[in-house]
1. Compute the whole-percent fraction of alpha carbon pairs in segment 370-451 spaced more than 17 Å apart.
2. Go ahead and collect, in residue order, the members of segment 165-182 whose backbone nitrogen is under 18 Å from a label point 7 Å along the Cα-Cβ direction of LEU21.
3. Give the total of Lys-Lys pairs in segment 12-450 with Cα-Cα distances below 27 Å; include a pair only if its members are 8 or more places apart or on different chains.
4. Could you list log10 I(q)/I(0) for segment 143-200 at q = 0.13, 0.25, 0.30 Å⁻¹, which the Debye formula gives when each Cα is one point scatterer?
5. Please state, rounded to one decimal and in Å, the Kirkwood hydrodynamic radius that segment 46-192 gives when every pair of distinct Cα atoms enters the mean of 1/r.
6. Report ³J(HN,Hα) in whole Hz for each residue of segment 395-412, in order, from the Karplus equation J = 6.51 cos²θ - 1.76 cosθ + 1.60 where θ = phi - 60°; Gly and Pro get x.
7. Given just the C-alpha atoms of the chain, how large is their convex hull per residue in cubic angstrom?
8. How large is ³J(HN,Hα), in whole Hz, for each residue of segment 257-268 in order, when computed from phi with the Karplus curve 6.51 cos²θ - 1.76 cosθ + 1.60 and θ = phi - 60°, using x for Gly and Pro?
Amino acid sequence: MKQAVSFTQDPVGHLLYRMSLPMVWGLLATMSFNAVDTYFVAQLGEESLAAMSFTFPVVMVVTSMAIGLGAGTSSVIARLLGQQRTDYARRLAADSLLLSTLLSIVMVVIGLLTIEPLFLLLGASPELIPEIASYMRIWYLSAPFIIIPMTISALMRATGNNMVWGILMIVAAVLNGILDPILIFGWGPIPRMEIEGAAWATLLTRLLLVAGSGYYVLNRLKLVSMPHTRWQDVREAWASILHIGIPAMATNMIIPFASGITVALVANYGLDAVAGFGVAQRIEPVVLIAFYALSGVIGPFFGQNMAQQYQQRQKKALLLVMRFCLGFGLAIAILLWLVAEPVSAWFSDSPQVVAVSVAYLMIVPVSYGLYGLVMSINATFNGLGKPMPSVVISVMRVLGFYLPLVWLGQHLWGLNGLFAATGVANILAGLLGYFWLRRTLKDNQLKKTTS
């Protein structure tokens, strides 16, 4: 195995910046997949744009599964490396890839069998189902090539090798941007596929990403050895990953669950409202990219800094993360207040669609700072090997805060009230998570001092 980067040596702020920056570019490329797809599909008309908007919660569920498995893998590998158990870490990496493959196959089968009833449940009209189905039948086949690369990315994060992943994702995003217009609108001998072409572009790009990243991890970095052959050893390895992975999946699936509820509620305001919400949902992950990158680094950082002599580094990291999230969140909100309308207009010429997107991007970004803090706090709990607080915080954000607030907000202010409920829920969840984590770190220090 290539020497892993130590999270226990360099100055905390410099280390977090240096490790996050490659992830920013890689995740920006990842997020651009959806944004680019949406841009080109929007050229087909509002019906196609609405059809793609309905797929967003399902796409996020698959992505959440991938993120959960990645979080479990990253947490366990980082802690093993902190204990100098390199050989077992390499073997467990192989077990994690096997688990990712099997779960992604299950996801494909379930997805293909439930397209119509699922999207009807999400509020899609029967007339939209054929267009949604034409996209999702191809997209589901790409699910393994979304889940497996996320596990590979987690291996790189746990060992501090982020740069190559960022480069690979940039290449994949450029390729996706080239394939989208060719396959959607047709070019030369390639027929016009419309929304189905966007799904084919995703599938082909992700397939090449798996090939490139897999080759690099196996043959250059040598991060993976042979998996366990005894069922008992495989089960123990999977259990260690899923101890973090299942709660992390649940934590991340809360996001598409809330998005699915929101799509269903927005559908009551018409097709233009769904399309506008879909545009905002494609823009939002791109502007939150630094938060995603930071949360991908902070878990391994806390995992490798669990020893008593490193606990001051954990406290300093929490303070730096809080300051960054609040400051950067404010900057994003101001930026979106200035550019929400022209950016939304890139995706649609409809004034009604643009108006809904702008409303969302004027209201919800006020809460982005604390929402970013929630991401890092959840990743921190996973890195510490304590996944349940992340689940509780995320469940409270949706069930405890969002749902009651959305009922009140819609009653008072209609669609804008729905968006305001999202923002307030983010703020309350951020405050809950921050004080919970601060108390946990204090308790950990007291336990190790008295032991």
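1. Summing the P(r) of segment 370-451 above 17 Å gives 50 percent of all pairs.
2. Of the residues in segment 165-182, 165-170 have backbone N under 18 Å from the label point off LEU21.
3. Close lysine pairs found across segment 12-450: 11.
4. -0.47, -0.95, -1.11
5. 17.3 Å
6. Once rounded to whole Hz, the list reads 5, 4, 4, 8, 7, x, 10, 5, 4, x, 5, 5, 5, 5, x, 4, 5, 8.
7. Convex hull volume per residue, Cα atoms: 135 Å³.
8. Values, residue by residue: 4, 5, 5, x, 4, 5, 4, 4, 5, 5, 4, 5 Hz.
Every read-out reported here was derived from the displayed coordinates using simple, explicitly stated rules and does not represent laboratory data. As the structure is a prediction and not an experimental result, all values here were calculated from the model. Cβ atoms come from the backbone with ideal geometry, glycine included; neighbour counts cover every protein chain shown.
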